[in-house]
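Structure, as structure tokens:
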Amino acid sequence: MSCYRIMGGRPLEGRLTVQGAKNSVLPILSASLLAPGRSVIENCPDLSDVSAALDILSLLGCRVDRQEDTVTVDASVLRRFDIPERLMREMRSSVIFLGALLARMGAAELSYPGGCELGPRPIDLHLAALRALGAEIREEQGCLRCRGGSHLHGRELCLSIPSVGATENAMLAACGCPGLTTIVGAAREPEIEDLQAFLRSMGAQVSGAGSSVVYIRGGLPLHPGHCRVMGDRIVAATYLCAAGAAGGRVEVTGVNPEHLTAVLSCLQEAGCEIRTGPDWAVVESTAPLRGISPVRTAPYPGFPTDAQAILMAALAGGRGTTMFVENIFDSRYRHVDELRRMGADIRASGRVAVVTGVGRLHGAPVRGTDLRGGAALVVAGLGAEGETLVSGLGHIQRGYDGLERALAALGADIQRVD
Ligand code: EPZ
């Protein structure tokens, strides 16, 4: 079993370019199904979730090729519209293929995506949106059998929760629905603007992404698209919080600092010096992080749930007390017990966790149980006294492309050991 071995206590120093955004490239890869021909996606990160998505595209009949960080998807001939259980299990967010398959093939079959480490991951809003667009969806023995075809038509949709995935699935399905679709209550995450840009490069008429109302005029002929995936704001937040945890000065480039406002303001309140430019941000930390006002996770532009564990890990080794409220997922505190093994003083109950900085954590063998929880343990290890062994790298590799290489280049003492 592989793990990261980290000798903490070394300040970080340097500059790195952030990988392409996982949560942007996944819906964009799904969108490449919408038109026959060869789409080109640049700045595509090398992640296990991306490999799983490429496997699904290949299975459906696409010709997929990767040259370094450029992926091409030729969706000229699709052989099938069903995604087998084994591939659904590899990546629960494969549900994002549902809308695009319905739009292109008029049909889609996939097994119910299971829950994950964050608790139940319902897709009721996805299914309600697609049914409102005219899809017939039967749920049989854990399998979703969807039919659309000539029944699909544009209309107004209202999302009761600004679900990222449901917004994206509705946008993709709506591209195959003649007429105007209006998604009211849409998620406003930047990844949805990235998806809109790719759809527009395919000839789709989409507008409003980034606001809570998205418009799609569907049923138009589409052609292959070309895009460059935006920088991953959560990966950027990870490196910046690592600077907060270990001390030093880290600059991340290739990311829009406006996508990081909530995280940067927390780091600034904790005592870091922050500077930003058009596509970069710098965090400098010269003293233990202070406690800050309550961190409440919320849909964008609120504090991102994906950065909750990462910021908590940085604050746990500082001074002062901070309350976290996790409002998006039911069980996103599984990293708390592992941080406590490193000496953290964190009390979690329901959606609330109270972190009291202990000045310095100590190294310990710990296990990542989900993607961002695993990254949080690495952040904690960088600032801890002594050696930390982080296992559960399979989770981390879902979302981080070369984490240990990037941190080592910043001066961290981190190796991957088997
Ligand atoms: C996306 O997940 C991201 N994943 C998640 O990132 C991220 O944490 C999440 O958005 C919130 O920002 C991808 O983009 C691949 P949601 P998604 O639908 O779309 C409830 C990471 O670490 N809900 O916005 O699944 C749901 O239970 C991952 O990179 C319903 O009730 O999230 C949750 O409480 C983790 N019914 C809330 O909405 C539905 O039909 C927000 O979920 C859909 C969602």
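Among the residues of the stretch 52-92, those identified as modelled with pLDDT under 95 and either over 25 Å from Ile137 (Cα atoms) or in contact with a Cys (Cβ under 9 Å, 6 or more places away or on another chain) (or both) are Glu85, Arg92.
Considering only the stretch 305-314, state which residues are touching a strand residue (DSSP E or B) at 6+ places or on another chain (Cβ under 7 Å) and either over 21 Å from Glu338 (Cβ atoms) or within 12 Å of the ligand (Cβ to nearest atom) (or both).
If the condition is that a residue be touching a strand residue (DSSP E or B) at 6+ places or on another chain (Cβ under 7 Å) and either over 21 Å from Glu338 (Cβ atoms) or within 12 Å of the ligand (Cβ to nearest atom) (or both), then Thr305, Gln308 are the ones that fit.
Would it be correct to say that Ala309 is touching a Gly at 6+ places or on another chain (Cβ under 6 Å), part of a helix (DSSP H, G or I) and closer than 13 Å to Ala243 by Cβ? Here the answer is no, as Ala309 does not meet what is asked. Number of residues in the stretch 1-39 that are surrounded by fewer than 17 Cβ atoms within 10 Å (Cβ to Cβ), at pLDDT 95 or above and in contact with a Ser or Thr (Cβ under 7 Å, 6 or more places away or on another chain) equals 4.
Table: residues versus (1) in contact (Cβ under 8 Å) with a residue 12 or more places away in the chain; (2) open to solvent by less than 50 Å² (accessible area, probe 1.4 Å).
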{"site": "Asp370", "(1), (2)": "yes, yes"}
{"site": "Gly373", "(1), (2)": "yes, yes"}
{"site": "Ala380", "(1), (2)": "yes, yes"}
{"site": "Gly399", "(1), (2)": "yes, yes"}
{"site": "Arg405", "(1), (2)": "no, no"}
{"site": "Ala409", "(1), (2)": "yes, no"}
{"site": "Ala412", "(1), (2)": "yes, yes"}
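Just checking, how many residues over the stretch 324-346 are touching a residue at least 24 places away in the same chain (Cβ under 8 Å) and open to solvent by 50 Å² or more (accessible area, probe 1.4 Å)? Residues flagged as touching a residue at least 24 places away in the same chain (Cβ under 8 Å) and open to solvent by 50 Å² or more (accessible area, probe 1.4 Å) within the stretch 324-346 amount to 6. Cβ-Cβ contacts under 9 Å between residues 6 or more apart (or on different chains), taken from a first residue in the stretch 54-75 that is closer than 17 Å to His223 by Cβ to a second residue that is of a type in the set (Asp, Glu), are listed as Cys62/Asp74; Arg63/Asp74; Thr72/Asp65; Val73/Asp65; Asp74/Asp65.
Within the stretch 161-183, which residues are more than 16 Å from the ligand (Cβ to nearest atom) and buried (at least 18 other Cβ atoms within 10 Å of the Cβ)?
Within the stretch 161-183, Ala174, Cys175, Gly176, Cys177, Thr181 qualify.
The values are calculated or read from the model by the stated rules, or taken from the named source; none is laboratory data. Everything numeric here is computed off the predicted structure, so don't read it as measured data. Cβ coordinates were reconstructed from backbone atoms using ideal geometry, including for glycine residues, and neighbour counts include every protein chain displayed. Protein only, heavy atoms only, side chains kept; ligands, DNA and RNA dropped before computing areas. Shrake-Rupley method; radii C 1.70, N 1.55, O 1.52, S 1.80 Å.
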